[in-house]
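The values are calculated or read from the model by the stated rules, or taken from the named source; none is laboratory data. Just so we're clear, the structure is a prediction, and the values are computed from it rather than from any experiment. Methodologically, a virtual Cβ is constructed for each residue, glycine included, from the backbone with ideal geometry; neighbour enumeration extends over all protein chains shown.
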DNA sequence: CAATAAATAGACAGGTCTGTATATTTCTTG
DNA sequence: CAAGAAATATACAGACCTGTCTATTTATTG
């Protein structure tokens, strides 16, 4: 085997690895990161402990892999929803909140795993914290792009404001068990969009 | 001693108890609930373990007490800020976001301990979860009251929308280390308020 | 002062956690 | 089939966790 053999590297994808990451994502989503031990993940996945540690140097790396998996899934779903919304940037921006509502109404909805990751790993140097922040920045960049395309006066501010509405909707939908938060957010977004015109 | 002696009751306030709750609030705020053990709280507080368990039946009850303490402090500060904003309900509503910004810029700002409590204790039956939800509902009720006083068309919807902005601002300020989120939220709130007029 | 209450130190039980070591078995693939 | 790679079961180290028990000391207060 040629290449970097330093140590404790992550190995390339495999069926076992994928299954492990999927299971980890499920369990961490349901129970949190500290509250769920790797033994629980291994038990549900039906995988031996050494297999985990052959693929990941530590639990935190498994968490990062789970966050990355969710990011792929989420990006894919959002992309589809945006494409279905047509070509208008404004329609795309509003479609985001419809997409959120579908998520809120799904029975697997447990709030945002990135907010939770940043909360449970509050130090900036923690890998899950960094992964969570990176995700949120990617999302913000998407909003920025759409706001610029929409040709509003202050795209930067509007992007942050729409981000506030989205994050707030997630938190409210989670804590109050209130999927309607997405509609409230969409209406507010429409108002801000109208005001920000040209 | 007359009265209920069933067992494992919380005892009335005392200097030790107060100090314990203050220390717990500090540490849980900094490190999270599962990640911070009671030994760390006891060490920083300089209090014996049995003293803790004489005042609280369990760690979760200590967490609830810490959440309650923060709720008092927060309500007190907000009340002051609202009073200083004058008599106009609209001015009071906007003043909330100025008050948030002061918080965001304080060096102790670590995000919202109630969101984190609900995240780390995701089951509705968990005491910290219930305490967190109760706090958020109280805050929402305050928003409702001000929106009604402001005499807008749909006070209920506006209250939820302002809640979205506030929660979103907290999350964004925390994750992106961006206290300016409060200004963005305030501007958005002003727009929604103007649109909701009469 | 004397009696009662509160807080203390320290050990400990019983459980959980992450991560490692070892030896064996299964799978893959030339 | 045979050799190498991957996954397995099992045990274990070492640390940490919550909560309890006991015996002693310190405060409080009638």
Mind telling me which of the residues A:7, A:11, A:16 ends up being within 12 Å of DNA strand C (Cβ to nearest atom), at pLDDT below 95, more than 14 Å from chain B (Cβ to nearest Cβ) and touching a helix residue (DSSP H, G or I) at 6+ places or on another chain (Cβ under 7 Å)? A:16
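This table checks each residue for (1) within 16 Å of DNA strand D (Cβ to nearest atom); (2) more than 19 Å from residue B:32 (Cβ to Cβ); (3) modelled with pLDDT under 95; (4) under 16 Å from the mean Cα position of the chain (by Cα).
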| position | (1), (2), (3), (4) |
| --- | --- |
| A:73 | no, yes, no, yes |
| A:76 | no, yes, no, yes |
| A:92 | no, yes, no, no |
| A:105 | no, yes, no, no |
| A:115 | no, no, no, yes |
Verdict on residue A:101 being within 14 Å of chain B (Cβ to nearest Cβ) and away from DNA strand C (no atom under 16 Å from the Cβ): yes
Could you list, in sequence order, the residues of segment A:158-185 that are assigned to a helix (DSSP H, G or I) and surrounded by fewer than 20 Cβ atoms within 10 Å (Cβ to Cβ)? A:183
Quick one: residue B:52 ticks every box in (1) within 12 Å of DNA strand D (Cβ to nearest atom); (2) within 14 Å of chain A (Cβ to nearest Cβ); (3) part of a helix (DSSP H, G or I) bar one, so which box is it? (2)
May I ask you to list the residues in segment B:133-157 that are more than 13 Å from chain A (Cβ to nearest Cβ), surrounded by fewer than 15 Cβ atoms within 10 Å (Cβ to Cβ) and assigned to a helix (DSSP H, G or I)? B:145, B:148
Restricting to segment A:117-136, name every residue that is out of contact with any helix residue (DSSP H, G or I) (no Cβ under 7 Å at 6 or more places or on another chain) and either modelled with pLDDT under 95 or farther than 19 Å from residue A:58 by Cα (or both). A:134
Considering residues that are in contact (Cβ under 8 Å) with a residue 60 or more places away in the chain and farther than 12 Å from residue B:109 by Cβ, the number found within segment B:181-198 is 6
Please tell me if residue A:63 is at pLDDT 95 or above, within 12 Å of DNA strand D (Cβ to nearest atom) and in contact with a helix residue (DSSP H, G or I) (Cβ under 8 Å, 6 or more places away or on another chain). no
Across segment A:60-98, which residue is farthest from DNA strand C (Cβ to nearest atom) among those that are closer than 19 Å to residue A:133 by Cβ and within 14 Å of chain B (Cβ to nearest Cβ)? A:67
It is to be established whether one or more residues within segment A:22-36 are modelled with pLDDT of 95 or more, more than 14 Å from chain B (Cβ to nearest Cβ) and within 10 Å of DNA strand C (Cβ to nearest atom). no
Can we say residue B:95 is more than 25 Å from residue B:21 (Cα to Cα) and exposed (fewer than 12 other Cβ atoms within 10 Å of the Cβ)? no
Restricted to segment A:30-49 and to residues being closer than 20 Å to residue A:118 by Cα and assigned to a helix (DSSP H, G or I), the residue farthest from DNA strand D (Cβ to nearest atom) is A:30
